[in-house]
Amino acid sequence: MDDSFDSAPATRSLIKPIWAVNWLPRFRPRSAQHALAPDAPAALRPAARTRREVDESDAAHLLRAQLRLRWFNAPNRRMLAIVSVDPREPDDPIASRVVLASAHAGQKTLLVDADIRTPVPSGLLARARTSAGLCSLLERRASPTEAIVPGSVPGLWLLPAGTPGESPEKLFANGDLKQVLQEAAKGFDMVLIVTPRIGAYADSLVISEAVGGALFTVQRHHTSASRLKEAASQLRSMDVMIVGAVFTDI
């Protein structure tokens with residue numbers, strides 16, 4: 001029997017009680033290059049934008065504003081994990097659009113790729129050119145200033161996953177993850193961390209616990225209700241605050 005979601009209200013009713021009072025907007029992720037503010041430099045914008053692309057940009061700015069109100073409104077909350085339970089759900093385009101919207105709003109923003117098991121990143125993170133990365137920070141082979149590189153627009157910075165010198169299990173089990181992420185987040189207003197799919201490995205749970213807050217991505221007609229419910233239960237048992245979810249409709 002198919003237990004996937006067909007509407008945002010159905011998703012909201014499942015993961016209640018959630019900390020965010022209101023549901024986060026529906027989101028249709030496409031290419032991250034279109035998630036630019038209307039006043040972005042002409043060289044960075046496509047020649048023409050469709051109504052759908054404009055709507056998606058507005059959704060990204062609305063999501064950024066909601067996250068600012070419901071999570072990043074406290075001095076000690078600069079980081080948020082983006083979590084999916086569906087292997088087909090593209091987390092990076094969602095995170096990419098939000099960090100672009102944040103940078104265009106004048107906030108110093110960092111996008112972190114914490115999926116160190118995936119050798120080929122996508123979206124904005126694929127453009128990061130550095131020999132270092134999160135793995136280098138965890139193994140103390142580099143400093144944040146060496147691993148974090150500027151993004152495609154002013155105010156946006158990227159921390160790619162990098163190449164692990166030892167197994168991911170050892171990297172995330174050494175107890176340094178929280179400290180490393182806090183060091184990397186210094187000076188930033190918003191830090192979004194893309195995690196591996198929850199369930200396949202323990203990585204997402206460990207990362208979310210270190211960050212303290214998580215935002216689910218839920219794909220229409222694909223994300224399993226039972227998997228989402230189990231994931232929400234696991235995170236709450238680790239005292240991770242579930243900020244809400246982005247209901248995507250691709």
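The values are calculated or read from the model by the stated rules, or taken from the named source; none is laboratory data. Quick caveat: nothing in here was measured; it's all calculated off a predicted structure. We place every Cβ from the backbone using ideal geometry, glycine too, and count neighbours over all the protein chains shown.
Restricting the search to the stretch 199-219, which residues are of a type in the set (S, T, N, Q) and part of a helix (DSSP H, G or I)?
Correct list: SER204, SER208.
Identify, by number, the condition in (1) touching a strand residue (DSSP E or B) at 6+ places or on another chain (Cβ under 9 Å); (2) in contact (Cβ under 8 Å) with a residue 24 or more places away in the chain that GLY199 doesn't meet.
(1)
Any chance the stretch 154-170 includes a residue that's of a type in the set (Val, Ile, Thr), within 23 Å of ALA101 (Cα to Cα) and modelled with pLDDT of 80 or more?
No, the conditions are met nowhere in the stretch 154-170.
Out of the residues in the stretch 193-202 that are surrounded by 17 or more Cβ atoms within 10 Å (Cβ to Cβ) and out of contact with any Lys or Arg (no Cβ under 7 Å at 6 or more places or on another chain), which is farthest from LEU125 (Cα to Cα)?
In this case the residue turns out to be ILE198.
So which residues in the stretch 220-240 are crowded, with 17+ Cβ neighbours inside 10 Å and part of a loop (DSSP other than H, G, I, E, B), if there are any at all?
Selection gives ARG220, THR223, VAL240.
Residues are listed down the side, and each one gets a yes or a no for (1) surrounded by fewer than 24 Cβ atoms within 10 Å (Cβ to Cβ); (2) among the basic types (Lys, Arg):
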position	(1), (2)
SER96	no, no
THR109	no, no
ALA128	yes, no
THR145	yes, no
GLY165	yes, no
PRO168	yes, no
GLY175	yes, no
LYS178	yes, yes
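Anything in the stretch 180-192 that is in a helix (DSSP H, G or I) and crowded, with 17+ Cβ neighbours inside 10 Å? List them, or say none.
Scanning the stretch 180-192 gives VAL180, LEU181, ALA184, ALA185.
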